[in-house]
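The values are calculated or read from the model by the stated rules, or taken from the named source; none is laboratory data. Just so it is clear, the model here is predicted, and its values are computed rather than measured. FYI the Cβ positions are ideal-geometry reconstructions off the backbone, even for glycines, and counts take in every protein chain you see.
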Amino acid sequence: MTSPKYPKVVGYDLVQQIGGGGFSRVFRAVNVAEHRVAACKVITLTAETTDKERKTVEKEMRIHAALKHDNILEFLNAVVVELKHRAHYVPGIYMLLELAAGGDLFDKIAPDWRIFYFNQLIAGMDYIHKEGVCHRDLKPENLLLDVAGTLKISDFGLSSVFKLKDTGRTRTLTERCGSLPYVAPELNSDQPYEAEPIDVWGVGVILYTLLAGNTPWDEPTQHSPEFMRYLSGEIFQELPWSRFSGEALSLVQGLLTIDPRERFTLEDAFQHPWCSRPSQLAKQGSASLAEALTQSLRSSGDLELASPDFSQRNPSKDDEDEIMLSAAHSTQFTQTLMLFSQTQSGTRYTPHLTRFYAGIPPDQLFPLVGEDLSALGVTCREAPPGEGGALRLRIGGQDARKEVFRGWVQLESFEYRGAQGAFCVMQKDSGNPISWRQLWRALIQSPHVGAHVLRKAGGA
């Protein structure tokens, strides 16, 4: 008897898990006949799944499907596999979405792109609010890039309708939700709250994160020393606040005004001098945009660590799925950003920048990775081997802002100077992409693993 498999979703086959965990997984899906690639979010259905949980997902799909904008990840279709079919297929709700082939915005952001992408964020959020929807979960992992390098707002699982478009009638909201570093302070009360200012606050935290590389506090309460210093004004004499330009600081403070009645609106942000300065990047072609986006990664050496050129050869095109990926995403932007892994099982597209090569084989590197990650406070659990016998660790923990992260570390073989080396990929399921890259950097600089990382093309 064969085990249940994932169904074909409106012509798309689920070929590789690229994110998620627990009751929700995200797969890369390919439509062979139409030469198309998409993402498929699978929410598992079990006998314990309640009607309330199903209605929450249905609401997410209704809201997301109705939103059509350049800066919103497109909802394509959905199918449901009920429990009665579990003998043949994995029961679940299958949401087919646009594939954000450019990956996490915060995985690749360079300083010169802050205004360019912040304006796209405001444009997308302005549209969402005009459609009567409040997102309520703005954070770095929900901001992605498409094949052309355009920002895409994703994940409407916590969104809510607060305004009827035909009458303009609005309502306050009561549900407490969101991630603590990004939620507005009025959610600390048990009183109903206005919808739009909640998202404006989230936009403000995102802007600070674009400028500083981290969130401003753990949570907007008296339990956070940083937030209390923000209230008193002391924090403006400290780094990184003290190095913000006057215009940038003015905008951040306007968006992060405590009283929601006095807080900036999105229109205020649109008209602010920091946002109204013309961006030269917007006038460049996609190849130039991608070069500019990755400049800081090349300067820091991160791009060379993630994708050293060992052979001076172009990536193999033998794999049909790889050909489809390239054909479906043949923009100059993604050609520049595409990262191909060179392993014993072949050359293929691996979009994660959190990766490195080592000069010792996987079975020798594997215990060192576990030891150094554990020393960094990360929980590690050995997992069954992956495709091609790849060694895998399931990892998780909390970052410096107390946000939970989960993911995988996978080690594969590749040939290095006539001997066996190891290719290591750290794949995030959940958590802040900034924290994930910080963990990657800590690992490649750790005592045992760091000694074996190949730090330049063709050398150690």
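Residue by residue, here is whether (1) surrounded by 16 or more Cβ atoms within 10 Å (Cβ to Cβ); (2) modelled with pLDDT of 95 or more; (3) aliphatic (A, V, I, L, M) holds:
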position: 233; (1), (2), (3): no, yes, no
position: 242; (1), (2), (3): no, yes, no
position: 250; (1), (2), (3): no, yes, no
position: 258; (1), (2), (3): no, yes, yes
position: 273; (1), (2), (3): no, no, no
position: 276; (1), (2), (3): no, no, no
position: 303; (1), (2), (3): yes, no, yes
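Report whether or not residue 49 is over 29 Å from residue 103 (Cβ atoms) and at pLDDT 90 or above.
yes
Restricted to region 55-107, and to residues that are touching a Ser or Thr at 6+ places or on another chain (Cβ under 8 Å) and part of a loop (DSSP other than H, G, I, E, B), which residue is nearest to residue 159 (Cα to Cα)?
73
Being in a strand (DSSP E or B), under 24 Å from the mean Cα position of the chain (by Cα) and of a type in the set (Gly, Ala, Ser) is the filter here, so list the residues in region 374-422 that pass it.
Of everything in region 374-422, those that are in a strand (DSSP E or B), under 24 Å from the mean Cα position of the chain (by Cα) and of a type in the set (Gly, Ala, Ser) turn out to be 383, 396, 397, 407.
In region 32-72, what count of residues is obtained for those that are touching a helix residue (DSSP H, G or I) at 6+ places or on another chain (Cβ under 8 Å) and buried (at least 17 other Cβ atoms within 10 Å of the Cβ)?
7
Being surrounded by 17 or more Cβ atoms within 10 Å (Cβ to Cβ) and more than 23 Å from residue 129 (Cα to Cα) is the filter here; which residues of region 187-213 pass it?
Residue satisfying the conditions is 211 alone.
Tell me yes or no: at least one residue of region 88-105 is more than 21 Å from the chain's Cα centre (by Cα), modelled with pLDDT under 95 and surrounded by fewer than 15 Cβ atoms within 10 Å (Cβ to Cβ).
yes
I'd like the full set of residues that are touching a Cys at 6+ places or on another chain (Cβ under 7 Å), under 15 Å from residue 67 (Cα atoms) and among the hydrophobic types (A, V, I, L, M, F, W, C), limited to region 159-184.
Correct list: 162 only.
Return a yes/no flag: does region 361-373 have any residue that is assigned by TED's automatic domain parsing to the domain that holds residue 410, assigned to a loop (DSSP other than H, G, I, E, B) and at pLDDT 90 or above.
Yes, that holds for at least one residue.
With respect to residue 441, determine if the residue is surrounded by fewer than 16 Cβ atoms within 10 Å (Cβ to Cβ), part of a helix (DSSP H, G or I), outside the structural domain of residue 179 (by TED's automatic domain parsing) and basic (Lys, Arg).
Judged against the criteria, residue 441 is a match.
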